[in-house]
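Handing you a structure now.
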Amino acid sequence: MSADPKVFLMGEEVGEYQGAYKISKGLLEKYGPERVLDTPITEAGFAGIGVGAAYYGLRPVVEFMTFNFSMQAIDHIINSAAKSNYMSAGQISVPIVFRGPNGAAAGVGAQHSQCYASWYGACPGLKVLTPYSSEDARGLLKAAIRDPDPVVFLENELLYGESFPVTAEALDSSFCLPIGKAKIEREGKDVTITAYSKMVGYALKAAETLAKEGISAEVINLRSIRPLDRSTINNSVRKTNRLVTVEEGFPQHGVGAEICTSVIEESFGYLDAPVERIAGADVPMPYAANLERMAVPQVEDIVRAAKRACYRSVPLAAAA
Amino acid sequence: MSFTATKFAPSPLPLNSTIPRSNDKPLSFSFDHFKPHPSSSFLGSTRTLLRFGALARPHARTRSSSPVSAVLLQQTSNLLVTKEEGLELYEDMILGRFFEDKCAEMYYRGKMFGFVHLYNGQEAVSTGFIKLLKKEDSVVSTYRDHVHALSKGVPSRQVMSELFGKATGCCRGQGGSMHMFSKEHNLLGGFAFIGEGIPVATGAAFTNKYKREVLNQADADHVTLAFFGDGTCNNGQFFECLNMAALWKLPIVFVVENNLWAIGMSHLRATSDPQIYKKGPAFGMPGVHVDGMDVLKVREVAKEAIQRARRGEGPTLVECETYRFRGHSLADPDELRDPAEKEHYAGRDPIAALKKYLFENNLANEQELKAIEKKIDEVLEDAVEFADNSPLPPRSQLLENVFADPKGFGIGPDGSYRCEDPKFTQGTAHV
């Protein structure tokens, strides 16, 4: 915001309240109410206003208090933002960022707890980013704001409370990450685990457990759901010959399904085992804590899937 | 042949003028027996308006030429409630208040989790409206739904158990704090997104009209109440449904619980014209403003609005000016509301106000009210004990209720429906 006066933030409670999750803390004081705008609770309205401002040369950052609320504005994200550059034959670009917490939260029931990565990942014209660490969040958000196209920036509510080590490089004012490039968080040779957002942490924990049992897992932090870094994924699979995909969202037509297709298309001959897909249960999120835990992937699920991929040679029918 | 610009220029319409139409009839929106009372001591948000200064048109509310009736009760010698009614209202409000206090206690003890939005301070609205309903009438609520559920008759045990995430809850632990449903009590849900509940409520009202006019059920006279807050009144779904409800004369009452704050967003910072009740006449329905801290005033307005809906005369918009005594949710640090404002409304506690009325009119004595409070204490102790001792939802429940027909899970590898696999019903299937 200090580099470009065209950048402004709008959304519910981003100003005086300092953000529902305190993500915009201090911004109102620093940039004033003209650039940090508290909106009424009208997602369709203010997302559309953001898109209009982007048509006209500003660079809006639109916050959804949670991405669940983006459903009230999805028409503007997809129809007004994602398709305009194409419909106008490149005359109207839409440099806008839609950001906010995404994914399973804790104890908030079905309407407040789901992952939108595959929803937005399915739409041409959008870029979809999923930061995991502080470094990711900083580097990718800057890239998103500078990008000339609409970016859906999916943060994770439960990661807001987590701390990450930050390098001096990441703190440098010139630090920025490329959109569309995955990061190998941990190198390994026996099995590839792909994950994004909070699940990267789970995959790293699973990799530690697996290491104790002699399995060397390579963990890929996707960072970008769309565009998807197919070459990093395929190169890794060609090395390890085994793949486990991890996501919090629903399994059907999910991010794992797309990764699996990419690997089947490009590296089929390299696979030594069927691809294992870990995803959320195929149900709306239940409220009860015990059911909720069953509905989202756990570290043990990843460990089990990696072992299945490593040890079994004959594919089983349903993985019960 | 050339076209001249002037030839095709549209004739300009004068702004702010109404074009008379042949079928124009003057619309009357006042509930006849409610007369505006210009010297009312209740100023509520008008006072706040004056304090903030910027958006002032404070005289609008009491202008008698306004088609909107600013409903304020006349002082009459007649009692507004019988002794029985008074005690029933008191009991329901105490139940709402004590239940929510218990929730806060249980939340801090880790018995309930997630977002818990409490209703303290707004009891006059829930009690004033819902206690007038028949069991067949419907209520559609928001994420702040515990007390609406209780007023509608859902037992405390079931609501508490739902909050504990137990199998004995009104939604077997699958819904949670923001999603209370009870088909038996025609509680059509707590909706967690702003504005979502309004179309659903309008649909419930539509169903009644359809039953009467298409299915020839002449006795269908059910009313739906849609509860929502001031923040929602800036959302498109609100306006869309006011239009359709008025257009089709649906039996619904739109009940705005204007507690002046949407989390940390003051109503006055969010709304160009903060007098929400004025939006009713814009759509051709009465808009009524009432002191939402006075259960008897709410009840009088509610009575007429509900009867109007039941008579088939269409919807009403009622703005109840109220206040929440706690933060938006138990996670809200509540730093933006002025302590003086909180104190002002604390002094207008709707329960204390009813108590005073009952005493002053010799409708109840201290002992009777104490007995009610004791009874509710016991009800809630029992509810907590019941919830605590209830079983967690079994694993098998995870895959139940996704579809009304579980064949929706599709066909498994052996050619039979997945839901027929024993592993499916045990909840161990991988789907």
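Where does the charge balance sit around B:Leu358 when Lys and Arg score +1, Asp and Glu -1, over other residues with C-beta under 12 Å from its C-beta? Walk me through the numbers on the way to the answer.
Working: positive: B:Lys83, B:Lys355, B:Lys356; negative: B:Glu84, B:Glu85, B:Glu88, B:Glu91, B:Glu360, B:Glu366, B:Glu368.
Surrounding charge for B:Leu358 is -4.
Across peptide B:364-374, what mean number of C-beta atoms from other chains lies inside 10 Å of a residue's C-beta? Walk me through the intermediate numbers first.
Numbers: counts 0, 0, 0, 0, 0, 0, 0, 0, 0, 0, 0.
Per-residue shielding by partner chains comes out at 0.
A drop of at least 50 square angstrom in accessible area, chain alone versus all protein chains together, probe 1.4 Å. Which residues of the stretch B:236-282 meet that?
B:Ile263, B:Met265, B:Arg269
Here is a follow-up. Can you sort A:Phe175, A:Phe250 by 1.4 Å-probe accessible area, starting with the largest?
On the way: A:Phe175 15, A:Phe250 70 Å².
Per-residue accessible area, sorted high to low, gives A:Phe250, A:Phe175.
Provide a whole-number value for the mean count of partner chain Cβ atoms within 10 Å of the Cβ atoms in peptide A:277-288. Spell out each step's value before the answer.
On the way: counts 0, 0, 0, 0, 6, 6, 9, 5, 2, 11, 18, 17.
Mean inter-chain Cβ contacts per residue within 10 Å come to 6.
Next question. Just to be sure I understand: if I project the alpha-carbon convex hull of the stretch B:138-238 onto a plane and average over all orientations, what area do I get in nm²? Provide the component values of the computation, followed by the final result.
Details: hull surface 27.2 nm².
Mean shadow area of the hull around the Cα atoms is 6.8 nm².
Go through the stretch A:1-99 and name the chymotrypsin sites (Phe, Trp or Tyr not before Pro) that are in a DSSP coil and have 16 or fewer other Cβ atoms within 10 Å of their Cβ. All intermediate terms of the calculation are to be shown ahead of the outcome.
Details: sites: A:Phe8, A:Tyr17, A:Tyr21, A:Tyr31, A:Phe46, A:Tyr55, A:Tyr56, A:Phe64, A:Phe67, A:Phe69, A:Tyr86, A:Phe98; in loops: A:Tyr17, A:Tyr21, A:Tyr56, A:Phe64.
Loop-located and lightly packed - A:Tyr56.
Rounded to the nearest 5, what % of DSSP beta bridges with both residues in the protein assembly as shown are antiparallel? Walk me through the numbers on the way to the answer.
Details: 10 of 65 bridges.
Bridges in the protein assembly as shown are about 15 percent antiparallel.
Do you know which residues of the stretch B:161-176 lose at least 40 square angstrom of accessible area in the protein assembly compared with their chain on its own, with a 1.4 angstrom probe?
B:Gln174
Using only the Cα atoms, work out Rg/Rh for the protein assembly as shown, with Rh taken as the Kirkwood radius, to two decimals.
Ratio value, two decimals: 1.01.
At a probe radius of 1.4 Å, figure out the B/A buried accessible area, summed over both chains, and give it in Å² to the nearest 100. Walk me through the numbers on the way to the answer.
Working: alone 21380 and 14750 Å², together 32700 Å².
Approximately 3400 Å² gets buried when B meets A.
Please figure out what share of the DSSP beta bridges in chain A is antiparallel and state it in percent, rounded to the nearest 5. Don't jump to the answer; show the numbers that get you there.
Working: 6 of 37 bridges.
Taking every DSSP beta bridge with both residues in chain A, the antiparallel ones total about 15 percent.
Sticking with this one: Which percent of the accessible heavy-atom area of the protein assembly as shown goes to carbon and sulfur, probe 1.4 angstrom?
Working: 17850 of 32700 Å².
Here it works out to 55 percent.
Another one. Mind giving me the FRET efficiency for B:Glu360 and B:Asn78? R0 is 22 Å, r the Cβ-Cβ distance, nearest 0.05 is fine. Could you put the intermediate results ahead of the total?
Working: r = 14 Å, r/R0 = 0.64.
It comes to 0.95.
Hey, if you drop one equal point scatterer on each alpha-carbon of chain A and run the Debye formula without solvent, what base-10 log of I(q)/I(0) do you get at q = 0.08, 0.14 Å⁻¹?
-0.37, -1.08
Assuming a strict under-26 Å limit between Cα atoms, what lysine pair count do you get for the stretch B:99-171 once near-sequence pairs (fewer than 8 apart, same chain) are dropped?
Going through the stretch B:99-171 pair by pair, I get 11.
Next question. Just how far, in whole angstrom, is the stretch A:131-165 from the stretch B:317-368 if you go by their alpha carbon centroids?
Using only Cα atoms, the two centres lie 43 Å from each other.
Around B:Leu247, what is the net charge, scoring Lys/Arg as +1 and Asp/Glu as -1 over all other residues with Cβ under 13 Å from its Cβ? Walk me through the numbers on the way to the answer.
Details: positive: B:Lys209, B:Lys249; negative: B:Glu240.
Value of the local net charge: +1.
OK, next. So what's the net charge close to A:Val97: Lys and Arg +1, Asp and Glu -1, counting the other residues with Cβ under 12 Å from its Cβ?
Numbers: positive: A:Arg59, A:Arg99, A:Lys127, A:Lys142, A:Arg146; negative: A:Glu63, A:Asp147, A:Asp149, A:Glu155.
Result for the local shell: +1.
Let me ask something additional. Put +1 on the Cβ of every Lys and Arg and -1 on every Asp and Glu Cβ in the protein assembly as shown; which of B:Asn216, A:Ala211, A:Gln114 then has its Cα farthest towards the positive end of the dipole?
Checking the options against the dipole of the protein assembly as shown, the answer is B:Asn216.
Sticking with this one: Looking only at the stretch A:7-171, where both bridge partners belong to it, what percent of the DSSP beta bridges are antiparallel (to the nearest 5)? Each step should come with its number before you reach the end.
On the way: 1 of 21 bridges.
If we restrict to bridges inside the stretch A:7-171, about 5 percent are antiparallel.
Under the definition of Cα pairs under 8 Å and six or more residues apart, what whole-number percent is the relative contact order of chain A?
14 percent
Quick one: how many Å² of B:Trp248 are accessible to a 1.4 Å probe, rounded to 10?
110 Å²
Could you work out the helix-only [θ] at 222 nm for chain A, with each DSSP H run of four or more residues adding -39,500 (n - 2.57) and the total divided by the number of residues, to the nearest 500 deg cm²/dmol? Mind dumping the intermediate values first?
Numbers: 11 runs with 103 residues, N = 320.
It lands at -9000 deg cm²/dmol.
Can I ask one more? Leaving out ligands and nucleic acids, and using a 1.4 Å probe, what accessible area per residue does the protein assembly as shown come to in Å²?
Values: 32700 Å² over 751 residues.
Value for the protein assembly as shown: 44 Å² per residue.
The values are calculated or read from the model by the stated rules, or taken from the named source; none is laboratory data. The model shown is predicted, which means the values in this text are computed figures rather than measured ones. Cβ sites come from the backbone with ideal geometry, for glycine too, and all protein chains shown count toward neighbours. For accessibility, only protein heavy atoms count, side chains too; no ligands or nucleic acids. Shrake-Rupley method; radii C 1.70, N 1.55, O 1.52, S 1.80 Å.
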